[in-house]
Amino acid sequence: MGELELDGVTKIYDDAQGTETAVDSVDLTVRDGEFVVLVGPSGCGKSTTLRMLAGLETVTDGTIAIDSDEVQELAPSKRSVAMVFQSYALYTKMTARENMGYGLKHSSTLSKADRRRKVEEIAELLDITELLGDRPEEMSGGQKQRVALGRAIVRDPEVFLLDEPLSNLDAKLRSKMRTELQRLQEELDVTTVYVTHDQTEAMTMADRIVVMDDGELQQVAPPETAYDHPVNEFVATFLGSPAMNTFETTVRVNGETTSFVRNGTVFAELPSSAVSLSNGDRVTLGIRPEDATLDTDGDGTFTASVTVSEYQGNDNFVHLDVGDVELTTRVPPVVYPDAGDDVGVTVSPEDVYLFDIDSGRSIKTRGLTDSEPSIRTPPSTD
């Protein structure tokens, strides 16, 4: 078992310059065997949260429990957690075998023979048996990371913590290690909390993602739910590459059709039954780059001027100007207009996103009917 529960967990730093709330009243339950990813911009509090789970940072307020047993006052070695760091943190004078077995030597009653056997079992699982006699200086970055993972796994922790473990690897190796980590986590069935600023890692690896900003949880949901049904504008614009286009518009209601207008240009239209808005309301319109359809003949809901077309291989990023609005679109590689061309742009009503201008809360997400995604709404900003 390894259910992890955070209840009102808060971290406040206090120094001569004053106080700073790094993590603000985080409530989160990670189910036994679940792979949860904390994601957000630098300084959002995700690594501080992980370090509090590990016992490397004290908790200012709130509780942390593993299988209902509170651990926030326990030393790291008493928490049944294992952490993998971004920097590998291997002992340079020890071999891979010694690095992996060091924690067992000091935290278990296993005999030397049993420790050796366990290290060899995990080395085989990680495909690093041939490295057991090597020191870190003889290893590549990917090999060092496998040894660091092995050192954590060999302890059979109830909770596995990973702090941006792939950030030092090149793009090809990161992709491979993402797959390896998912395979390992499923095979070991260990509760895992993974921290990253890389949304690709978050979206591809997580059972649920935890989006954080300014120390607060913004949304906790499966990746596809957070992407299609963000609770607010921050989540919507943080998830996705290129980022969602957002800009303020005025509502125009004309019978059964509601339009969203800026400087005389109608950017999108919805059935009036899809939203509860009044004529003259101001809302933020959101358009994901992949949801904009381009027509080089100029047919569409509105017309835009091409500024740059960027070839990406599988698709193209086409940047557009519409008056004072700049849009980025993601289109198939066969669509490659030249700079200066006028194109028609259409966004399906199902793909229109709307946000409250003042609070940023979502008014409408993907689809035309109400959905009930598995989300946690952030505290009111009123």
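Given Lys46/Lys78; Lys11/Lys118; Lys46/Lys176, which pairs have Cα atoms separated by over 30 Å? Don't skip to the answer; put the middle values down first.
Working: Lys46/Lys78 22 Å; Lys11/Lys118 37 Å; Lys46/Lys176 24 Å.
Result: Lys11/Lys118 exceed 30 Å.
Note down the net charge around Met83, summing +1 for each Lys or Arg and -1 for each Asp or Glu among other residues with Cβ under 9 Å from its Cβ.
0
For the chain, set up a Gaussian network in which alpha carbons nearer than 10 Å are linked by springs, and say which option among Asp27, Asp291, Asp14 fluctuates the most.
Asp14
Once you sort the root eigenvalues of the Cα gyration tensor of segment 237-364 as a ≥ b ≥ c, which label holds: rounded (a/c under 1.5), prolate (a/b larger than b/c) or oblate (the other case)?
Prolate is the answer for segment 237-364, as a/c is 1.5 or above and a/b outweighs b/c.
Going by average Cβ density within 10 Å per residue, which order do the peptides 55-68, 184-197 take, highest to lowest?
184-197, 55-68
Counting Lys and Arg as +1 and Asp and Glu as -1, what is the net charge of the other residues whose Cβ lies under 13 Å from the Cβ of Arg117? Please report the intermediate quantities before stating the final value.
Numbers: positive: Arg97, Lys112, Arg115, Arg116, Lys118; negative: Asp114, Glu120, Glu121, Glu124.
After counting each charged neighbour, the total is +1.
If we count every other residue with Cβ under 11 angstrom of Thr250's Cβ, Lys/Arg +1 and Asp/Glu -1, where does the sum land? Please list the in-between numbers first.
Working: positive: Arg252, Arg262, Arg282; negative: Glu248, Asp281.
Local net charge: +1.
Comparing Glu130, Glu158, Glu121, which has the greatest mean-square fluctuation in the GNM of the chain with Cα pairs linked when under 10 Å apart?
Highest fluctuation among the options: Glu130.
At a Cα cut-off below 19 Å, give the lysines reachable from Lys93, other chains included and same-chain residues fewer than 8 away excluded.
Of all the lysines, those that pass the test against Lys93 - Cα under 19 Å, at least 8 places apart if same chain - are Lys105, Lys144.
Within the chain, which DSSP H helices have Cα atoms that stretch 15 Å or more along the helix axis and a mean Kyte-Doolittle hydropathy of at least -0.5?
Taking the DSSP H segments of the chain (at least 15 Å long, mean hydropathy at least -0.5), we get 141-153.
Coordinate-derived values only; no laboratory data. These figures come from a predicted structure and were not determined experimentally. Backbone-built Cβ (ideal geometry, glycine too); neighbour counts: all protein chains shown.
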